[in-house]
1. Hey, among the residues in region 61-102 that are without any contact (Cβ under 8 Å) to a residue 12 or more places away in the chain and farther than 18 Å from LEU4 by Cβ, which one's surrounded by the fewest Cβ atoms within 10 Å (Cβ to Cβ)?
2. Hey, which of the strands (runs of 3 or more DSSP E) in region 11-129, taking only ones fully inside, have at least 3 residues that are among the basic types (Lys, Arg) and modelled with pLDDT of 95 or more?
3. Which one of these is touching a helix residue (DSSP H, G or I) at 6+ places or on another chain (Cβ under 7 Å), at negative phi and of a type in the set (Val, Ile, Thr): ILE30, ILE6, ILE15?
4. For region 159-177, how many residues are outside any loop (DSSP other than H, G, I, E, B) and either at pLDDT 95 or above or basic (Lys, Arg) (or both)?
5. Kindly establish whether SER201 is of a type in the set (Gly, Ala, Ser) and touching a Ser or Thr at 6+ places or on another chain (Cβ under 9 Å).
6. How many residues does region 138-154 hold that are buried (at least 17 other Cβ atoms within 10 Å of the Cβ), farther than 19 Å from GLY121 by Cα and either out of contact with any helix residue (DSSP H, G or I) (no Cβ under 8 Å at 6 or more places or on another chain) or at pLDDT below 95 (or both)?
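The values are calculated or read from the model by the stated rules, or taken from the named source; none is laboratory data. Note that this is a predicted model, so its numbers are computed, not measured. Cβ sites come from the backbone with ideal geometry, for glycine too, and all protein chains shown count toward neighbours.
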Amino acid sequence: MNKLLINPHSKPYIIWLGNKEVPLFVIDDIFATPLEVRHLAFSNSFPSSVAYYPGRHQPLSQEDPSIKAFCHFIATVLTRATGKQIKTEAISTDFSILTTPEEKLLDNQGQPHIDGTPMLGVIYLNEQDLGGTVFFRNRETNSMTVVTEAQKAHYQNLSAQRKLDTPLGYVTDTNTQWEKVDTIEGKLNRLVIWPGNVFHSIDVKVNPASGQLDEKRLTQRVIINAIG
């Protein structure tokens with residue numbers, strides 16, 4: 001039985017952010033049975049936290065034929081969309097739940113950030129919208145992305161300074177340092193993939209410390225580790 005059965009009627013589309021600065025690859029209703037995928041997620045123990053994600057992860061292995069088929073689907077549609085070769089083996093995926101309250105965040109957690117991979121995405125798996133993804137423009141560089149050497153140096157300095165400052169909590173709106181460009185709603189069964197160099201953060205709508213495990217913000221991360 002395929003645990004991550006793709007909805008054959010779902011269709012990808014592109015959303016442009018800013019002044020056509022950043023493309024988002026979106027598939028609504030990606031799974032044929034999203035509540036079964038949600039049940040599969042909570043049949044696991046979520047043992048680990050990875051890097052600066054303010055919660056816990058459940059890794060999924062491509063040794064499982066269902067996971068491999070899912071990764072192959074993602075590789076295929078992204079290859080068609082981008083015109084660049086993306087291999088099944090370059091895709092990894094896991095389930096993630098948001099569990100860390102603001103008062104326990106580490107220095108860079110909850111802040112607008114970029115990813116360390118060429119592309120990254122999430123599938124939202126809550127029946128109600130418990131938070132999507134917010135995309136930002138940095139006010140100092142006037143950019144949504146980190147591309148140039150100067151922008152890379154600026155981001156390194158920004159990350160280093162955060163280690164010295166008191167954590168700000170979850171940043172979900174415009175402030176003196178960041179301009180909110182757009183928010184993608186955490187609609188059940190929606191896949192959103194963005195370039196890894198785009199500033200974004202989690203749109204936190206419910207206190208991560210409240211409720212039982214199955215009442216927290218649940219996503220399936222889709223990580224594109226290499227292109228070509």
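1. Taking the candidates together, the pick is GLY83.
2. Details: elements: 12-17, 22-27, 55-60, 91-98, 119-124.
By residue number, no strands (runs of 3 or more DSSP E) qualify.
3. Working: ILE30 fails: touching a helix residue (DSSP H, G or I) at 6+ places or on another chain (Cβ under 7 Å); ILE15 fails: touching a helix residue (DSSP H, G or I) at 6+ places or on another chain (Cβ under 7 Å).
None of the others qualify; the one that does is ILE6.
4. Residues of region 159-177 that are outside any loop (DSSP other than H, G, I, E, B), as a first pass: 159-162.
Keeping just the survivors that are either at pLDDT 95 or above or basic (Lys, Arg) (or both) gives 162.
Final tally of qualifying residues: 1.
5. Values: of a type in the set (Gly, Ala, Ser): yes; touching a Ser or Thr at 6+ places or on another chain (Cβ under 9 Å): yes.
Criteria met by SER201.
6. The total comes to 1.
One line per residue, one yes/no per condition, for (1) out of contact with any Cys (no Cβ under 9 Å at 6 or more places or on another chain); (2) closer than 27 Å to SER159 by Cβ:
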| site | (1), (2) |
| --- | --- |
| LEU24 | yes, yes |
| ILE30 | yes, no |
| HIS39 | yes, no |
| ALA75 | yes, no |
| ALA81 | yes, no |
| GLN85 | yes, no |
| ALA90 | no, yes |
| ASP107 | yes, yes |
